Amino acid sequence: MIELTTDFMGLMARGGPVMWVIFFVAWIAAIMLVERGLRVYAWRRSALSDQHILESDESFLPGADPNYGRSPIAHLTAKVKWNDVNSRDDVAEQLNIQLAELMPRLEGTLPTVAIIGSLLPMLGLLGTVTGMIQVFEVIALQGTGDPQEMAHGISQALLTTASGLIIAIPVIFSHHLLVRQLRYVLAVTEQSMHAVYSRDYKIYQTSKS
């Protein structure tokens, strides 16, 4: 453990200050990905469960019971003012309004993760620039007679670039997978919305009264 810590600190020291920035940003991205992944997985399970019940039970209303249902369709139907509904058009309008309000909540930190994924290679390039500045400063002060100092700057330049790319690749790929899963959840939710819309809204008014 001590040896790993020493190696890690040595790696960060060779990479310079930009290396610490890359490490910090990578941890933020990892936390966001784990949090969003767990939520999307839970939404997927509950959305499929609610869709299955909707197909088999004509009177089932997701979200009617506040202690049951955490799927997106349950959140949508729970906020619909069923006693104010007078037609199917009213149902469609309220569901669409609630879906538009729910979308930012479903996306959560995914847009931020996408920005971080594109930012990491740029941070690596920033480390490259600072490393090459060090090399030119050594050349300006000492000429080319100190290859060790020059090698330190070049090492920092290459190390930060490689680190930025190595971390960015799994971040971008994980973001892509989560976006695909979220689109699947939205597709299931839209199918459930259509099932709710196609039924007699008076059934749900009775269940809400």
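FYI, it's all coordinate maths here, none of it is from the lab. Source: prediction; values computed, not measured. Counting neighbours? That spans all protein chains shown, and the Cβs are built from the backbone with ideal geometry, glycine included.
Over the range 18-208, what is the mean sequence separation of C-alpha contacts under 8 Å (at least six apart), divided by residue count, expressed as relative contact order in percent?
It comes to 34 percent, rounded to a whole number.
Mean residue ellipticity at 222 nm, helices only, the chain: -29500 deg cm²/dmol; runs of at least 4 DSSP H residues each add -39,500 (n - 2.57), and the sum is divided by the number of residues.
Diffusion of the chain by Stokes-Einstein, at 4 °C in a medium of 1.567 mPa s and with Rh set to the Kirkwood radius over alpha-carbon pairs, works out to 63 µm²/s. Karplus-derived 3J(HN,Hα) values for the range 168-182, using 6.51 cos²θ - 1.76 cosθ + 1.60 with θ = phi - 60°, are 5, 4, x, 5, 5, 5, 5, 4, 4, 5, 5, 5, 5, 5, 5 Hz; glycine and proline are entered as x.
Using a/c under 1.5 as the rounded threshold, could you call the range 86-196 rounded, prolate or oblate? The axes a ≥ b ≥ c are square roots of the C-alpha gyration tensor eigenvalues, and prolate needs a/b larger than b/c, oblate otherwise. Can you show the working numbers first?
Values: a/c = 10.13, a/b = 4.43, b/c = 2.29.
Note, shape of the range 86-196 comes out prolate.
Give the calculated FRET efficiency between S59 and M132 to the nearest 0.05, with a Förster radius of 45 Å applied to their Cβ-Cβ distance. Show your work: numbers first, answer last.
On the way: r = 70 Å, r/R0 = 1.55.
According to the calculation, E is roughly 0.05.
Only Lys, Arg, Asp and Glu carry charge here, each on its Cβ (+1 for the first two, -1 for the last two); on that basis the chain has a dipole of about 340 debye about its Cα centre. For the range 1-119, a/c is not less than 1.5, where a ≥ b ≥ c are the root eigenvalues of the C-alpha gyration tensor, and a/b tops b/c. That puts it in the prolate class. Largest GNM mean-square fluctuation among P104, P121, P72, using the chain with Cα springs under 10 Å: P104.
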